[in-house]
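One structure is given below, encoded as structure tokens.
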Amino acid sequence: MLKPVVAVGWLLAVAVDARATVHIQVEPVERGPFTPGQKVSVEIRLVQTGDESKDQLLRLVQFDFSARSNDELEINLPLTHPEAGIYGWDFSTTPHCMADEADCGLGHFVDDQWVGPGILGPDMLAIAYYFVEPNNLTSNSDAQLLLPASGPLTIARLEVTLSRRTGTYTLDLVNAATADLNRGAVVYYGFGVEPDDPVRILRTHEPAPRNLTGGTYSFTVRLPDEDANLVASVPACNSGGTRLGSWWRSANNTARLTFDREIIAPELGDVRVVQLLPEGAYGEDVSGEFSFSLENDEDGLPRTLRVRQAGLVDPENTADGRLENRKWYAILNEGDWAGVTPFKIDLVVQVGDSNGDGRVNSNKSRLGAFPIRIPKPTDHDCSP
């Protein structure tokens, strides 16, 4: 098993040909833009870009995932060669692997344990060819990965779960900012034994033409082109004025609205709470009494909007901006909330609170026996 400090140190002791250049392609299998929380398969490829490119058998490939931009991404290694027990790395183009799945990675030190401390240290992955036969320490075209003179070589695969928030997030395999020779991305090939097989060492932080290029990909995460639709609310929208569909004062006059896909938090004024008046009209806007926040569903995705009164006040107080007892109010989106179709939820305030404990029951005589039917203002319908 070769460690980078040993392998790189030995290579520096031999003649190095610095003409070659390699570009690291990071390519999602499916194209974006991407949605919050989406799982994406990613292929990692190497491509020669030098003027004097020729087929090269790879000695070592190393990736460094320690760049801070990866913190917003969940990165996992799929099982690429089950019979050989290899994760992430792809040896499917080598003759040994094509002949027998159990021989994938034959003759290689394979580090596919980057989660946690790993073999090479935290957030590192590497493969290095040493030998198949101890008496043959030169190239082996049956076991080594061949980087062609032209065209890409798929060398690894990742599974990336994107952030559940909208924005742009960069997957970084190279950590170009590091000055540590044992970190960062490294590609080298050649044994330096024969004149036509010089060693080439390429790193992300070396000057051209000894540098690697590429190695990053920026995911744009946004809501789907189709708007989210309201599918349920608690309390349910009230179309008749019975107990169902009333604010619960004992629960801080809270409503939860659930949608069929991810949503982003509304901006001020996108969702309003307004009093209902007859003939489909709206009265006082009491939105300032409420807070609006997102809650995740069982899959951890933000699909529920919680609307909660920020501070309970005397329900008989008719000052502007406060809920009034036995009045109707709508939670309303008229198209201002980005990514969400318009909706309207009608709820009635029934306090029935004669002793100030914030609860309704049939023993409280101020409002009479519970439930109380409070007529809904005319020409108001639940939507959708």
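An ellipsoid equivalent to the stretch 132-275, defined through the eigenvalues of its Cα gyration tensor, has semi-axes of 61, 17, 13 Å when rounded to whole angstrom and sorted largest first.
Note on Thr213 and Tyr282: with the Förster distance fixed at 45 Å, the Cβ-Cβ geometry gives a FRET efficiency of about 0.15. Each of Asn136 and Thr170 was given a label point 7 Å from its Cα along the Cα-to-Cβ line. The distance between the two points is 4.4 nm. Residue separation of Lys39 and Asp379 scaled by 0.36 nm, minus their Cα-Cα distance, works out to 117.9 nm of gained length. Extents of the stretch 4-221, taken as max minus min of Cα coordinates on every principal axis and listed largest first, are 53, 40, 34 Å. Note on the stretch 255-307: Cα-Cα pairs beyond 16 Å make up 49% of the total pair count. For the peptides 157-170, 292-305, residues were scored by their other Cβ atoms within 10 Å and the scores averaged per peptide; the highest-first order is 157-170, 292-305. With no solvent and one equal point scatterer per Cα, compute the Debye intensity ratio I(q)/I(0) for the stretch 130-213 at 0.12, 0.16, 0.17, 0.24 Å⁻¹ and report its log10, rounded to two decimals. The computed values of log10 I(q)/I(0) come out as -0.55, -0.89, -0.97, -1.30. Computed extension gain for Glu30 through Ser66, at 0.36 nm per residue and net of the alpha carbon distance, reaches 10.5 nm.
With the simple spin-label model, which puts each label point 7 Å out from Cα in the Cβ direction, the Thr49 to Glu226 separation comes to 4.0 nm. The fraction of all Cα pairs in the stretch 170-253 landing in successive 10 Å bins from 0 to the largest distance is 13, 22, 14, 10, 9, 12, 11, 6, 2, 0, given as whole percents.
Bear in mind these aren't lab numbers, they're just calculated from the coordinates by the rules spelled out. Every value quoted in this text rests on a predicted model; they were computed, and no experiment measured them. Methodologically, a virtual Cβ is constructed for each residue, glycine included, from the backbone with ideal geometry; neighbour enumeration extends over all protein chains shown.
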